[in-house]
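Notes for the one structure printed next.
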Amino acid sequence: MAQYLRKTNKAKEFFQLLFGHPMGFVGVAIITLFLTMALFAPLLGTVDPSASGDVTNLLIPPSSQFWFGTDDLARDIWSQTIYGSRISLTIGFVAALITVFSGTFVGLIAGYYGKILDEVLMRIVDFFMMLPELPLMIVLAAVLGPSMWNIILVVSLVSWPSTARVVRSQVLSLKERPFVESSRCIGASNFQLMFSEILPNVVPLMFAQAVLMITEAIYAEAVLSFLGLGDPTSISWGMMLHSVFESGVIAESYWWVVPPIVSIVTLIVSFSLLGTAVSDILEPGYKEKKGF
Amino acid sequence: MNQNAVLTIENLKKHFPLRKGLFAALLKGERSHLRAVDNINFSLGKKEILGFVGESGCGKSTMSRTILQLLEPTGGKIYFKGTRVDTLSRKQFKPFRKKMQMIFQDPFGSLNPRRTVSEILRQTIKIHNLAKDRPAEDALIKKTLEEVGLNPVEEYWNKYPQLLSGGQLQRVSIGRVLVLQPELVIADESVSMLDVSVRIGILDLLFKMRDKHGISFIYITHDLVTARYICDRIAIMYLGNIVEIGPTEEIINHPRHPYTQALITAVPVPDPTAKVPELPIKGYVPVAPEDTIRGCSFALRCPYGKKNCRSEKPQMIRVGDEHFASCLLIDGSISID
Amino acid sequence: MALIEVENLKIYFMTRRGPAKAVDDIGFSIEKNKTLGLIGESGCGKTTTAMSLMKFIKPPGRIVGGSIRFMGNDIVPMTDEQIRQLRGKEISIVRQEAQNALNPVLTIGKQITEMILEHESVTKKTALARAKKQLNLVGISDQRITNFPHEFSGGMKQRAMAAIATACNPKFLILDEPTTGLDVVVQRQILEMLRNLKKELNLTAVFISHDLSVVAETCDRVAVMYGGKIMEESDTVSLYQNPLHPYSKALIGAYPSLKGERRQLKSIPGGPPSLIDPPPGCRFTPRCELAQSICSQEEPVLKTIDGRRIACHMVK
C-alpha cells in the first residue's frame, strides 16, 4: 500500500511539474485536444470520412452543413480531419514504441559489453545510418505495398539506428559511474547491472527519443501518403494533401488544404514541446530548482 | 602464510599496458607498462584495521579493486582465510563476494539515483537471497538502517539519494555492505568527500562494525590524520609499492622512510601557534615507468637520495617491532625529531 | 576603515515551500592585509557568504537585505556592469577544484594575458611579461607559459588558477575551499603559495573551509557559521585555545590531529537545521549540550567579550 501511495504521489508530482513548465503545458494541452479528437471521433459531428456524397456537394467551402467544406468527391473534410488524427497518432505511437525499444536494446547491449559485440552492432547501425532516410522509405513503401503497418515498419527500420547510437553513448558513460561499480561489487550479474541499474537511468533519454520518433513518424507518414504511397483505404492527413494535389484545384480550395497542414504541423510541434518539457523535468535536480 | 589471517597478499601486481606510437612499438618491440600495483605483500588479521596511506596515483585504489576482483591481477596471489581466490572463476568467486566488500569514496555517485534507500538495500538482499519473503526483507532493511544510525527508519525509507547529505549517503552504503555480513571490508577514501565534522561519526560506525561483527578493514586514504584515528597498523604506499608499514603510533612518531617523514611534516595542525613546516621533498615530479624499473621509485624526489638509490632496489628491512621500511639508507642514519 | 564591511546581510533562496534562509542577518569586517576564515559544516552559508562578496548570487538566490561595503562602497545596489568592473580587478576568487575552470584549448599564458587585457589597457607585450611574473609568483616556471592545462598536474592547475585570479593585483581575494580534495603534499604547496601571494601582493582575503587545520595556519581571525548565522567570531589563537560557543567547542573537539595524544573524539549528533524552517530561538539548540529553555525561545544576539563576538545565552 505504501508503495502504491508513493508511486501515485510521484505521478502527481510529475504532472504538477509538467503543467508548471510553459512548454509542457502547451504541449500537453494540444495533444489532449488531438487525443480527444481521435477517441471521440464519432461523437464530434462527423460522418464516414470516405463516403463520397452527392454530386451537388462537390468542393463546397465551409458551411453550416459541412463545417470544413467538402473535397472533390463530396467527402466531408471536417470528418476527414477528425478521423485523420487516429491514423497519425496510431502510427506515431506504434512506430515510436518499436523504434525506441529496439534501439534501446541494441544500444544497451553494445554499450555495456563493448569490444567485439559493440563493434559489430555499431557497424550495422552505421550501415543503416548511411542509407538516405526518405528515399529508403519511399522505396520500401513502394515495394512492400501501401498499408498502415508497412508504413510503421518502414519508419521504424529507418529510425532505430539513431536511438541505438544515442543510448549507447549514455550507457558508455553510465557504465563507468560509481554506483554501477558498487553494484558489481555487491554481486549483481551483468543482466542485473544492465537492466536494473543502467536502464532506469536511460529512461529519460528514451522518453526524449520516443517523442522525437513520434514526430518523425507522423511526418514520415504525411510525406509517404502525400506521395501516394500511403494506405488508400484510410484517409490520413497526408492522403488529404495527396488528393488535393492530384485534383489540381489546390489554388481554389483553401478549406481542403489548410486543415491537414495545420493539423500535421500542430501535432508535431506539440510533441516537440512535450519532449522538451519532459527532458527538462527528468533531469536530476530540476525538481529542486523549481522548489519542490 | 599466516593461517589466522583474514587476507594474505603475496607479490600482488597490476600493470596497465601503455600505448606507444607505432614506430616505438616496432622498434623497441615491447610495450611499457604502468605499474600501478607493483609487488605488494601484507596480511590482515581478524578484527584488524590496516590503513593504506599515499598520494593520488600511488596505486591504493587500484590495489583495492584488484583484491576484490573488480580488476584482474597481473600477478601474485590473493588468499582469503587460507583459500586462494585470484584463480577462481566468476561463478566460484560469487560466494566470496559476500565476504569481501567495499565502501566507495563518492557518497553521491555510489548509489543509483533512481532508487530509494529501501530499494537499494532490498536489491542487495535479493541478489544474495538473504531473506525468504517480503516481510523478512523489510525486517532486515529496518534492522540495518537502525544499525547504521539512520533513525527514525521511516524518514529514510522512501528517500532518493538526492535528498540526503553526504554523511547519510555513506551510512546507506555502509548498510548495504553490512547486510551481507562480510568479513573483510575495504573502505576506499570513504570519508574524504565528507565534511570534517561528519567524518568522526562515520569512522565511529566502522569501529562499531569491527567490534560488533568482527569485520576486518582495509582503510585507504590520503589523509594521515583520519588514518591515525582509526587504524591499528598503517602502510605507506608510493608508486605501487609499500615503503613503510607498522603500528600506527610507531609510524606517526618514529617514521623511518623519507617519504613517510615528508608526509607527516606536510600535514597541517589545528593549532594556530604551531610553526609552519617546511616541506622537505619536491612537489609533483612526472615519473615515466622506465625511470623506476631499477632503483628506488622515490629516488627522484628524495631529499637524501644517494647515487646507488637509482640503481639498486631497496628491500623491506625490519626497523622495529612489527615495523618495516624499505630504504637503502636505513640503518640508523635518518630520523625525525 | 576596513576593506570589507558586511552588515545585516540576508541572502535567501526562493523555493516553493518558502525562502531558504541561507544567510540570515550576519555582519563582519575584514581589515586590510588580514585574512578572515569562515568555517562551518556544509550548508551553513559560508560559501553563499563568500560568493556574495563578489555578488555572485544566482537565482533562485537573492540578497534580500543588508550591505556589503568594499572600500566604503556598498556593492549590493550596484548594477551588473558596475560589479563587473570590480570582479577580477579589485576582487578575485580561487575556488575548489578550480582546474575545471581552466579552458582546455587555451595556453596558460593566453588565459592570464586575457585576464590582464580585459581589465587594463596595457600592450600585449607588457601583459605577457606580467603573466610570466605571475607564474613565478605561484611557483611555476615561466617557461611553462605555453603549456596547456592538461600538461599540468592537479596541484599545478590550482596554482595556475591562482595566477589568473591575481593577475590584476586585486585588493581582495576570496578563497573558497582552495585546498579541499588535494593530497597533503600538494595542499602544503598551495598553502605556501597562498602565503607568498598574500605577502607579495598585500592581499586581504577571506578563506572558506570546513578544515580547521588549514584555517588555523592561514587566518588571522575566524568566524564560525551555523545555519546561516555567525555563532562566534574571534582571533584564531583565542578560538582554538579557548572556544567559547558550544558549537565551536564541538567542532574543535571533533577534529583529529597528528600531534599529541591519540584521543577519543566526539562527533556532533544530529544534522544541520532546515534553512526553510529553522528551529526557533538559537539554531543550534537541538544539538547543543548546554541547551536550556531560553535557547529555543529567544535567538541570542552577538555580544562582544574581550574583542571576541559570541552568540550564546549560556556564555557570560
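The conditions are (1) of a type in the set (A, V, I, L, M, F, W, C); (2) in a strand (DSSP E or B); (3) free of Cβ contacts under 8 Å to residues at least 60 places away in the same chain, and C:Cys282 fails exactly one of them. Which is it? For C:Cys282, the failing item is (2).
Within the range C:69-109, being part of a loop (DSSP other than H, G, I, E, B) and within 16 Å of C:Leu173 (Cα to Cα) holds for C:Met71, C:Ile75, C:Gly88, C:Lys89, C:Glu90, C:Gln96.
Pick out the one residue from B:Glu154, B:Glu146 that is acidic (Asp, Glu) and within 10 Å of another protein chain (Cβ to nearest Cβ). Result of the check over B:Glu154, B:Glu146: B:Glu154. Restricting attention to the range C:107-119, the residues that are over 12 Å from C:Met161 (Cα atoms) and surrounded by 15 or more Cβ atoms within 10 Å (Cβ to Cβ) add up to 7.
So, of the residues in the range C:49-67 that are part of a loop (DSSP other than H, G, I, E, B) and farther than 19 Å from C:Ser92 by Cβ, which turns out to be modelled with the lowest pLDDT? Here the residue is C:Pro59. On the stretch given as the range C:176-213, residues that are hydrophobic (A, V, I, L, M, F, W, C) and out of contact with any helix residue (DSSP H, G or I) (no Cβ under 7 Å at 6 or more places or on another chain) total 1. Among the residues of the range C:125-148, which ones are under 25 Å from C:Ile91 (Cβ atoms) and among the charged types (D, E, K, R)? Once the filter is applied, which keeps residues that are under 25 Å from C:Ile91 (Cβ atoms) and among the charged types (D, E, K, R), the range C:125-148 yields C:Arg130, C:Lys132, C:Lys133. Restricting attention to the range C:8-48, the residues that are in a strand (DSSP E or B) and under 17 Å from C:Asp277 (Cα atoms) add up to 14. Only a single criterion out of (1) more than 9 Å from chain A (Cβ to nearest Cβ); (2) closer than 16 Å to B:Ser173 by Cα; (3) small (Gly, Ala, Ser) is not satisfied by B:Ala136, namely (2). Figure legend. Inter-residue proximity from the range B:269-282: first residues facing chain C (nearest Cβ under 7 Å) and surrounded by 16 or more Cβ atoms within 10 Å (Cβ to Cβ), second residues in a loop (DSSP other than H, G, I, E, B) and among the aromatic types (Phe, Trp, Tyr), beta-carbon distance below 8 Å, spacing 6+ or different chains. Indicated pairs: B:Pro270/C:Tyr255. Inspect the range C:253-274 for any residue being of a type in the set (S, T, N, Q) and farther than 18 Å from B:Ile200 by Cα and give the result as yes or no. Scanning the range C:253-274, I find at least one residue that is of a type in the set (S, T, N, Q) and farther than 18 Å from B:Ile200 by Cα, so the answer is yes.
Number of residues in the range C:67-106 that are in contact with an Asp or Glu (Cβ under 6 Å, 6 or more places away or on another chain) and either crowded, with 18+ Cβ neighbours inside 10 Å or among the small types (Gly, Ala, Ser) (or both): the value is 3.
Residues in the range A:192-206: is at least one surrounded by fewer than 18 Cβ atoms within 10 Å (Cβ to Cβ), touching a helix residue (DSSP H, G or I) at 6+ places or on another chain (Cβ under 8 Å), at pLDDT below 85 and within 14 Å of another protein chain (Cβ to nearest Cβ)? No, every residue in the range A:192-206 fails to be surrounded by fewer than 18 Cβ atoms within 10 Å (Cβ to Cβ), touching a helix residue (DSSP H, G or I) at 6+ places or on another chain (Cβ under 8 Å), at pLDDT below 85 and within 14 Å of another protein chain (Cβ to nearest Cβ). The set of residues from the range C:1-18 being within 14 Å of another protein chain (Cβ to nearest Cβ) and buried (at least 19 other Cβ atoms within 10 Å of the Cβ) comprises C:Tyr12, C:Phe13. Hey, among A:Gly111, A:Gly84, which residue is closer than 14 Å to A:Pro161 by Cα and either touching a strand residue (DSSP E or B) at 6+ places or on another chain (Cβ under 8 Å) or at pLDDT 85 or above (or both)? Sole residue among the options that is closer than 14 Å to A:Pro161 by Cα and either touching a strand residue (DSSP E or B) at 6+ places or on another chain (Cβ under 8 Å) or at pLDDT 85 or above (or both): A:Gly111. Would the range C:256-264 turn up any residue that is under 27 Å from B:Glu278 (Cα atoms), part of a loop (DSSP other than H, G, I, E, B) and under 21 Å from the mean Cα position of the chain (by Cα)? Taking every residue of the range C:256-264 in turn, none turns out to be under 27 Å from B:Glu278 (Cα atoms), part of a loop (DSSP other than H, G, I, E, B) and under 21 Å from the mean Cα position of the chain (by Cα). Please determine whether any residue of the range C:226-239 is part of a helix (DSSP H, G or I), buried (at least 22 other Cβ atoms within 10 Å of the Cβ), within 9 Å of chain B (Cβ to nearest Cβ) and under 11 Å from the mean Cα position of the chain (by Cα). Taking every residue of the range C:226-239 in turn, none turns out to be part of a helix (DSSP H, G or I), buried (at least 22 other Cβ atoms within 10 Å of the Cβ), within 9 Å of chain B (Cβ to nearest Cβ) and under 11 Å from the mean Cα position of the chain (by Cα).
Residue under question is A:Ser88, and the condition is that it be in contact with a helix residue (DSSP H, G or I) (Cβ under 9 Å, 6 or more places away or on another chain), touching a residue at least 40 places away in the same chain (Cβ under 8 Å), surrounded by fewer than 21 Cβ atoms within 10 Å (Cβ to Cβ) and among the polar types (S, T, N, Q); does it hold? Answer is no for this residue. When the range A:169-188 is limited to residues that are within 7 Å of chain B (Cβ to nearest Cβ) and not in a helix (DSSP H, G or I), the one that is farthest from B:Lys94 (Cα to Cα) turns out to be A:Arg177. Criterion applied to B:Lys91, B:Lys20, B:Lys77 was being of a type in the set (Lys, Arg) and at pLDDT 90 or above, and the one residue passing it is B:Lys77. Annotation for the range A:48-66: at least one member residue is touching a strand residue (DSSP E or B) at 6+ places or on another chain (Cβ under 9 Å), without any contact (Cβ under 8 Å) to a residue 24 or more places away in the chain, over 25 Å from A:Thr266 (Cα atoms) and part of a helix (DSSP H, G or I). Among the residues of the range B:84-121, the ones that are basic (Lys, Arg) and either within 9 Å of another protein chain (Cβ to nearest Cβ) or surrounded by 19 or more Cβ atoms within 10 Å (Cβ to Cβ) (or both) come to 5 in all. Of all residues in the range B:124-166, those being closer than 27 Å to C:Gly271 by Cα and of a type in the set (A, V, I, L, M, F, W, C) number 10.
Yes/no matrix, rows are residues, columns are (1) basic (Lys, Arg); (2) closer than 25 Å to B:Val269 by Cβ; (3) not in a helix (DSSP H, G or I):
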| residue | (1), (2), (3) |
| --- | --- |
| C:Lys157 | yes, no, no |
| C:Gly181 | no, yes, yes |
| C:Gln187 | no, yes, no |
| C:Leu191 | no, yes, no |
| C:Ile208 | no, yes, yes |
| C:Ala216 | no, yes, no |
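In the set (1) within 25 Å of A:Leu144 (Cα to Cα); (2) crowded, with 21+ Cβ neighbours inside 10 Å, A:Arg168 fails one condition alone, (1).
Taking the condition in contact (Cβ under 8 Å) with a residue 40 or more places away in the chain and either closer than 18 Å to A:Gly230 by Cβ or out of contact with any Asp or Glu (no Cβ under 9 Å at 6 or more places or on another chain) (or both), does A:Gly145 pass? So A:Gly145 fails the test.
Selection of the range C:203-225 for residues being farther than 19 Å from C:Met51 by Cα and not charged (D, E, K, R) yields C:Leu212, C:Ser213, C:Val214, C:Ala216, C:Thr218. The set of residues in the range C:137-154 being within 14 Å of chain B (Cβ to nearest Cβ) and of a type in the set (A, V, I, L, M) consists of C:Val138, C:Ile140. Close contacts from the range C:251-262, counting a first residue that is facing chain B (nearest Cβ under 7 Å) and within 14 Å of C:Ile39 (Cβ to Cβ) and a second that is assigned to a helix (DSSP H, G or I) and among the β-branched types (Val, Ile, Thr), with Cβ to Cβ under 7 Å and a gap of 6+ residues or different chains, come to C:Ala254/B:Ile200; C:Tyr255/B:Val196.
The values are calculated or read from the model by the stated rules, or taken from the named source; none is laboratory data. A quick note: this is a predicted structure, and the numbers were derived from the prediction, not measured. Glycine also receives a Cβ, built like all others from the backbone with ideal geometry; neighbour counts cover every protein chain displayed.
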